[in-house]
Every structure is written in C-alpha cells, then in structure tokens.
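Data block below; observations after.
The values are calculated or read from the model by the stated rules, or taken from the named source; none is laboratory data. Computed from a predicted structure; not experimentally measured. In this analysis, Cβ positions are derived from the backbone assuming ideal geometry, glycine residues included, and neighbour counts consider all displayed protein chains. These area figures cover heavy atoms from the full protein model, side chains too; ligands, DNA and RNA do not enter into them. Shrake-Rupley method; radii C 1.70, N 1.55, O 1.52, S 1.80 Å.
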Amino acid sequence: MSLRTRLMLLSGLWILLIVVFFNWFIYYYILKKTTDNEVRQLWNKAQIILRDTEIYHPANWNPGQLQEYLEPDSLIRIISPDGAVRTQVSTSEELSAHPAIYRTQYHTVVRNELGLLILFIQVPIVGKSNVQIGLLELGKGLNVIAAFMELLVAGLTMTTGSVLLFSPLVGFFYTKALIRPIRQLLETMRTIRSKGDFILLSSQFTAKKDELGELGRTFNEMIVRLQENDRRQKHFVADASHELKTPLTVIESYTSLLRRWGGRDPAIRQEALNAIHSETVRLKGLIDALLRLAEVERHAETELHPVRIAELIRSTAEQMRRAFGRNIIVRIDAEETECSGDEARLKQLLIILLDNAIKYSQEDVIVECGEEERCVVIRVIDRGMGIPSGELPLLFERFYRVDKARSRGTGGSGLGLAIAKQIVELHQGLIRLDSEEGKGTTATVKLPKSSLRAFQ
Ligand SMILES: Nc1ncnc2c1ncn2[C@@H]1O[C@H](COP(=O)(O)OP(=O)(O)OP(=O)(O)O)[C@@H](O)[C@H]1O
Ligand SMILES: [Mg+2]
C-alpha cells in the first residue's frame with residue numbers, strides 16, 4: 001500500500017473516530033441536560049403529593065386523591081409493599097403498561113424504548129415510626145424531547161455521513177500536497193542513480209522552513225559533498241597516475257638506453273644507474289606517502305590519549321637535526337602541557353612540517369610551542385623562499401606543489417600537507433600556513449589540550 005493511500009486512510013479514520021466520539025458526546029450531553037430538568041420537576045411534584053396527610057393512610061388511597069396532580073402524558077401510582085398497584089391515574093397507555101416494581105429507596109429511570117422516551121421516579125412513602133407503607137411512582141412521557149432527540153440524531157448522522165464522504169476527498173488533496181516534495185526527492189534520487197549525475201533539488205523544495213525543506217537542504221548538502229568527493233577522487237587518481245608515471249617513464253627510457261649503449265659506455269651506464277636509483281627512491285617515497293595518506297583517512301576514528309607535546313617536539317626535532325644536518329631551534333613555553341592525541345600521528349605531523357621548513361629554506365628552523373586558552377599551539381617557522389599568497393589555500397590539496405619543477409628537485413610529492421591536514425582534523429584541531437615570498441613561512445597548528453574538543 002502506498003504511503004499516500006496509507007496517509008489518506010489513516011487521517012480519514014481518525015477524523016471519523018473523532019467525529020463519532022463528539023457526536024456521541026453531544027447526544028448524551030443534551031439528553032442528560034433536558035431530562036435532568038424533567039426529573040427535577042417530577043421530584044418537586046412528588047414532594048407536593050407527599051405533603052398531603054391523606055397519603056399516609058393506605059385505607060384512603062384512591063385515584064381521586066391523585067387525579068388533581070395528573071398532567072397530560074403522565075402517570076401517578078401508589079405501589080403497596082406486596083408489589084401490587086394500589087391506585088393509579090394515567091393519561092398514557094404506554095406509561096400504564098410499564099411494570100410496577102416495589103423499591104425501598106428513591107429511584108429514577110429514563111427509558112428509551114422503540115422511539116418512546118419515558119421517565120419514572122419512585123419515592124418511598126414512610127409512615128409513622130419510620131416504616132415504609134408504600135411507594136409513590138410518577139411517570140412522564142418525554143415526547144417533545146424524544147422528537148428533538150430524533151432530529152438531533154438525524155443531524156449528527158448527517159454530519160458523520162458528510163465527514164465519511166468528504167474526508168477521503170480532502171485527504172486526496174491534502175496528501176497530494178504532502179507527498180509532492182517526497183515524490184520530487186524520489187525522482188531526483190532515481191535520476192542520480194540511473195544517470196550517475198549529481199542533481200540538486202530545486203529551491204522551491206529547499207526554501208521551505210519546515211522539516212521537508214530541512215530534508216531538501218540536507219540532501220543538497222550531501223550531494224554537494226558527494227560531488228566534491230567525487231571531483232577530488234577523480235583528481236587524485238589522475239594526479240597519482242601522473243606522478244607514478246613520470247618516474248616510471250624516466251626508468252623505462254634509461255633502461256632502454258642501458259640496453260642499447262650501457263654495455264659499451266661506462267659513463268652512460270653510470271648515469272643511467274644513478275637516474276634509475278633516484279627515480280626508484282622517489283617512487284618508493286611517493287608510494288609510502290600515498291599509503292600513509294590512505295592510512296590516516298582509513299582510521300578517521302582513533303582513540304586519543306594525553307600526549308606530552310614538549311617531549312615529542314624535542315625528540316622529533318633532534319631526529320630531524322641529525323637526519324638533515326640542519327639546526328632546529330626549539331622554544332617551549334608550556335613545558336607540562338599535554339594535548340589529546342595519537343602520538344605516532346602527531347610525530348608524523350611534526351616531521352611533515354619540519355621537512356618542509358628544512359627543504360624550502362637554508363637557514364635555521366624554529367619550532368615554538370605554547371598554550372592558548374584550551375589549546376596547544378605549535379609553530380614551525382622558517383626563513384626560506386616562502387609561498388605566493390595566491391597559492392596558500394591550495395597547499396593542502398593532494399599533490400599540490402607551488403612550483404612543480406622546484407619541488408621535483410627537492411623530491412617532494414605534494415602529499416605532505418594533505419596528510420598533515422588529515423592528521424590535524426583527526427585531532428579536531430586547526431592548521432594554517434602564513435607566508436611571505438622570499439621571507440619565510442610559518443606553519444601553525446592548534447590542538448585541543450585535553451580530551452576537550454576545543455574547536456567544536
Ligand atoms: N615551508 C615552506 N616554504 C616554502 N614552500 C613550502 C613550504 N611548505 C610547503 N611549501 C610548498 O607547498 C607545497 C606542498 O607541500 P607538501 O608538503 O604538501 O608537499 P611536498 O613538500 O612538495 O612533498 P612531500 O611533503 O609529499 O614530500 C610544496 O611543494 C612547496 O612548494
Ligand atoms: Mg612536504
């Protein structure tokens with residue numbers, strides 16, 4: 001069963017139930033209010049009859065005594081303790097036919113039999129020494145009320161019938177309006193699936209302020225993200241294959257050269273071997289970086305522990321100093337600070353930034369570490385060639401290099417900062433580069449101090 005049919009049936013059923021309930025309530029409420037008034041009048045009349053002292057002498061009970069109280073369409077009778085009707089006056093056959101029952105308490109009964117609405121009240125007649133000597137019963141036919149109630153029932157039935165008739169019609173248009181955006185969403189999704197294109201929902205859908213509008217906006221956001229991911233993925237594959245192809249082409253051409261001339265000319269042989277070796281090293285580095293990037297992306301959810309950041313900076317700087325034979329000045333302001341993170345990844349982050357600073361500058365590199373509110377701030381500063389300001393926003397893209405020829409010389413693959421960004425995001429931190437061409441570059445990383453997520 002479609003959602004629309006279900007909604008139509010459900011809303012129709014609910015409306016019908018509510019109408020039936022209210023009609024029932026209205027019927028009984030009006031019936032009670034109108035009969036209550038009649039009951040009160042009968043009780044008053046019973047009190048008047050009981051004020052007559054003759055009524056307390058069973059020997060004097062006779063119809064004449066009750067006659068003066070009789071009204072049209074009513075009955076008055078006295079029932080003796082043995083259940084027999086001792087005396088009775090009546091102007092209605094239906095009321096007279098009502099069986100007499102002797103009771104010892106006050107009693108009211110409203111009967112609705114075969115379209116006849118009748119009301120009876122019974123009042124015990126209590127003689128001297130508190131002994132009940134009989135039962136006074138007054139009956140009244142409520143014909144006017146019955147006719148009115150009949151009209152009311154007809155009216156209410158008509159209302160219920162109209163609701164039954166119109167609720168599917170209203171439901172039809174109402175659900176149509178409700179389902180339309182969902183249909184549109186479904187259509188869009190189907191087109192995306194069949195054509196593989198990224199299609200956004202129209203503003204007509206997303207401009208609405210309700211939940212459906214919210215759904216539309218979220219859908220569009222998701223599509224934009226998917227589109228961006230798809231674009232990046234395609235870009236990545238193209239870049240990666242290009243990057244891998246270049247060293248392989250170099251290797252291929254040198255091996256051909258070796259095959260043709262290498263045996264005879266030792267100088268060519270040496271040159272070819274050197275080139276093949278350096279390209280193989282580059283290739284290996286590239287594949288390593290790719291694997292690291294994939295690794296960081298795969299473990300997007302890592303358990304973070306407190307890491308003593310000062311110690312980590314000192315040991316990493318020492319390692320890089322030894323590896324590259326370059327001076328690295330470490331300035332720690334917050335000696336005891338711990339930041340919440342994954343130690344191995346944070347080390348990798350420091351290596352990437354120090355590696356850049358060393359590669360793209362000739363002078364000493366400075367590493368600073370301080371605290372700022374709820375985060376640890378690490379700065380890697382160099383006085384190197386710097387980066388043109390227009391390039392700064394693109395540096396975190398995979399394979400992006402400012403000057404491909406320049407980086408090729410230093411062996412860079414353009415993956416370092418992309419990995420650094422992934423690591424920082426994994427730690428709910430921030431990374432930025434500030435640079436001035438010819439003067440130097442500062443890489444700033446902010447990481448949450450403890451388990452607190454400082455940048456959320
Ligand atoms: N400190 C810096 N000074 C000058 N240029 C920089 C600096 N850091 C990064 N760059 C520029 O940004 C580009 C991207 O840096 P990234 O670390 O991502 O790649 P890479 O250093 O070329 O290669 P990899 O780090 O993968 O070996 C570099 O090619 C370089 O042009
Ligand atoms: Mg680098």
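Quick one: is GLY171 within 30 Å of LEU9 (Cβ to Cβ) and either at pLDDT below 90 or open to solvent by less than 80 Å² (accessible area, probe 1.4 Å) (or both)? Give the derivation first.
Numbers: within 30 Å of LEU9 (Cβ to Cβ): yes; either at pLDDT below 90 or open to solvent by less than 80 Å² (accessible area, probe 1.4 Å) (or both): yes.
The answer is yes for GLY171.
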Please go through (1) modelled with pLDDT of 90 or more; (2) part of a loop (DSSP other than H, G, I, E, B); (3) open to solvent by less than 10 Å² (accessible area, probe 1.4 Å) for PHE399 and return the number of the only condition it doesn't satisfy. (1)
Looking at LEU304, LEU248 in this structure, which one is more than 16 Å from ligand 2 (Cβ to nearest atom) and out of contact with any strand residue (DSSP E or B) (no Cβ under 9 Å at 6 or more places or on another chain)? LEU248
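In this structure, does TYR69 turn out to be in contact with a helix residue (DSSP H, G or I) (Cβ under 7 Å, 6 or more places away or on another chain), open to solvent by less than 80 Å² (accessible area, probe 1.4 Å) and in a loop (DSSP other than H, G, I, E, B)? First the steps, then the outcome.
Numbers: in contact with a helix residue (DSSP H, G or I) (Cβ under 7 Å, 6 or more places away or on another chain): yes; open to solvent by less than 80 Å² (accessible area, probe 1.4 Å): yes; in a loop (DSSP other than H, G, I, E, B): yes.
For TYR69, the condition - in contact with a helix residue (DSSP H, G or I) (Cβ under 7 Å, 6 or more places away or on another chain), open to solvent by less than 80 Å² (accessible area, probe 1.4 Å) and in a loop (DSSP other than H, G, I, E, B) - is met.
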Out of the stretch 296-307, which residues are surrounded by fewer than 14 Cβ atoms within 10 Å (Cβ to Cβ) and modelled with pLDDT of 80 or more? HIS305
Which of the residues that make up the stretch 337-369 are more than 9 Å from ligand 1 (Cβ to nearest atom), surrounded by 18 or more Cβ atoms within 10 Å (Cβ to Cβ), not β-branched (Val, Ile, Thr) and not in a helix (DSSP H, G or I)? CYS339, SER340, GLY341, ASP342, CYS369
Pairs needed: first member in the stretch 47-59, at negative phi; second member anywhere, of a type outside the set (Ser, Thr, Tyr) and not in a helix (DSSP H, G or I); C-beta distance under 6 Å; at least 6 residues apart or different chains. TYR56/GLY127; PRO58/ILE133
Within the stretch 257-281, restricting to residues that are open to solvent by 40 Å² or more (accessible area, probe 1.4 Å), under 29 Å from PHE399 (Cα atoms) and not hydrophobic (A, V, I, L, M, F, W, C), the one that is farthest from the chain's Cα centre (by Cα) is GLU271
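Is it the case, given these coordinates, that VAL296 is more than 44 Å from the chain's Cα centre (by Cα), within 16 Å of ligand 1 (Cβ to nearest atom) and not small (Gly, Ala, Ser)?
Working: more than 44 Å from the chain's Cα centre (by Cα): no; within 16 Å of ligand 1 (Cβ to nearest atom): yes; not small (Gly, Ala, Ser): yes.
No: the conditions fail for VAL296.
Please work out if ALA147 is over 30 Å from ARG103 (Cα atoms) and assigned by TED's automatic domain parsing to the domain that holds ARG103.
Values: over 30 Å from ARG103 (Cα atoms): yes; assigned by TED's automatic domain parsing to the domain that holds ARG103: yes.
It is true that ALA147 is over 30 Å from ARG103 (Cα atoms) and assigned by TED's automatic domain parsing to the domain that holds ARG103.
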